[in-house]
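Read-outs: derived from the displayed coordinates by stated rules, not from any lab. What you are looking at is a predicted structure, and each value in this text was computed from that prediction instead of being measured. Methodologically, a virtual Cβ is constructed for each residue, glycine included, from the backbone with ideal geometry; neighbour enumeration extends over all protein chains shown.
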Amino acid sequence: MSISKKIVDDFVANDVSFITTVPCKQLAGVIDEVEARPEIFHIPSNKEDEGMGLCAGAFMGGKRPAIIMQNTAIGVTINTLATLTQFYRMPLPMLISYRGELREPVACQVEMAVHTKALLAQMHIPTYHFHKESDADELDAILKYTFMCNKPVAILTDASFWGGYGDQ
Amino acid sequence: MIRSEILREIAPILNPHLVVCNIGLPSQELHMIDDNPRNFYMLGTMGLASSIGLGLALAQPKTVISIDGDGSVLTNLGTLPTIANNVADNYILLIIDNGSYGSTGDQPTYAGKKTKLEAVAAACGCENVVTCQAEDTGKTLQAAIDSKKMTIIVAKCESGNIKLPVITKDPVVIRDRFMTAVAD
């Protein structure tokens, strides 16, 4: 089974039925899989804070939401995470491509990578880092944890997890 | 008419429906005029009232009205293409356009100058965009609710504020009673 399919299977098994995405090359397979599943309403957003607003509304409407985005989005969404998701105590699994780690070909991505874990720690956001494919075995438990504690939770997925960038 | 006068006039129309209300004075005014569990007050996060309302409308069948401002829509302009391309016929976005950032001291917005949000919404692909004068907001809103078609209303009014206290309700209480009303 592909890792993208396994990830989306875990979302579906945990009743996540509303997913917003902002694209990333590493996440393309997962986004395709989200789009293909009839159990999931897929709503692409133009910016990640907008996506978190959509997720907040969907949660209050009785759906379990999730957001799929790049780690650069942490810089965009600090205010939204603090004043919406955390202030109103809402759950939000954040599947994040951890750009700027080992095997990264684009130097600028490293500039946000070096801040990513520090920012998440400063925000007191539980953070998990998938480096090897077997790390994804914990996703089911992470999703259960997120909806148990009503917090945003970060799942960082680096290039090694996704098998590198190929010939790029 | 200023925004608080519009809210006072449309409060009976809003009352039975789910309302997501913009940060700052709009929420404070609605809270003072007609506090009820069907109102979700934004205490922070400028710009996301329309996004929260759309997510809510897409997730459940009750009518949802997001009360937004021209300045807040400009802050989150990417919301309009998302709304246009994800039609929820139980969703109304009411933009109270006073051409200024009211909560921060009435600094002018670009919507009060050259930019026409109704034209932006139409260009983004929103199909039912209605512009009205402040005095007609009530009947325009009621017509949009009755149409059962997703509608963007741009209600033009004067800038100006009234003095009133901040909302001190705990955000989790606001959210919890709102979710109870949504599920009721």
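Things worth noting here:
- Those residues of the stretch A:40-59 whose amide nitrogen sits under 11 Å from the label point placed on residue A:12, 7 Å along Cα→Cβ: A:40
- Each Cα pair under 8 Å and six or more residues apart adds its sequence gap; the mean of these over the residue count of chain B is a relative contact order of 26 percent.
- With R₀ set to 30 Å, the beta-carbon distance separating residue B:168 from residue A:122 gives a calculated FRET efficiency near 0.65.
- Note that the stretch B:3-183 carries a Kirkwood radius of 15.9 Å, evaluated over its alpha carbons pair by pair.
- Protection proxy ranking, peptides A:54-65, B:137-148, average beta carbon neighbours within 10 Å, highest first: A:54-65, B:137-148
- Over chain B: helical MRE at 222 nm, DSSP H runs n ≥ 4 each giving -39500 (n - 2.57), nearest 500: -12000 deg cm²/dmol
- In the stretch B:74-134, trypsin sites (Lys or Arg not before Pro) in a DSSP loop with at most 11 other beta-carbon atoms within 10 Å: B:113, B:114
- Percentage, to the nearest whole number, of Cα pairs in chain A over 20 Å apart: 46
- The magnitude of the dipole of the protein assembly as shown, with charges of +1 and -1 set on the Cβ of Lys/Arg and Asp/Glu and taken from the Cα centre, is near 360 debye.
- In this structure the amide hydrogen of residue A:47, modeled in the peptide plane, comes within under 5 Å of no amide hydrogen from residues 5 or more places off or on another chain.
- By the compact-protein rule of thumb, 2.2 N^0.38 Å, the alpha-carbon radius of gyration of the stretch A:92-145 corresponds to a ratio of 1.24.
- Take every Cα pair under 8 Å whose residues are at least 6 apart in sequence, average their separation, divide by the length of the stretch B:101-184, and the relative contact order is 28 percent.
- Mean projected area (nm²) of the alpha-carbon convex hull when the stretch A:8-55 is viewed from all directions: 3.2
- About its Cα centre, the dipole of the stretch B:3-183 is roughly 240 debye, where the only charges are +1 on Lys and Arg Cβ and -1 on Asp and Glu Cβ.
- In the stretch A:1-110, the GluC sites (Glu not before Pro) that fall in loop regions by DSSP, at most 13 other Cβ within 10 Å: A:39
- Antiparallel DSSP beta bridges within the protein assembly as shown, as percent of all bridges there, nearest 5: 5
- Note on B:36-43: average number of Cβ atoms from other chains within 10 Å of each residue's Cβ is 2.
- The amide H of residue A:64, built 1.01 Å from its N in the peptide plane, has A:17, A:18 as neighbours under 5 Å, considering only residues 5 or more places off or on other chains.
- Farthest toward the positive end of the dipole of the protein assembly as shown, out of B:15, A:2, B:85, is the Cα of B:15, where the dipole comes from beta carbon charges about the Cα centre.
- Of every Cα-Cα pair in the protein assembly as shown, the percent that sits beyond 26 Å: 48
- Measuring between their Cα centroids, the stretch A:22-38 and the stretch B:125-168 lie 36 Å from each other.
- Average beta carbon contacts from partner chains per residue of A:79-91, 10 Å cutoff: 5
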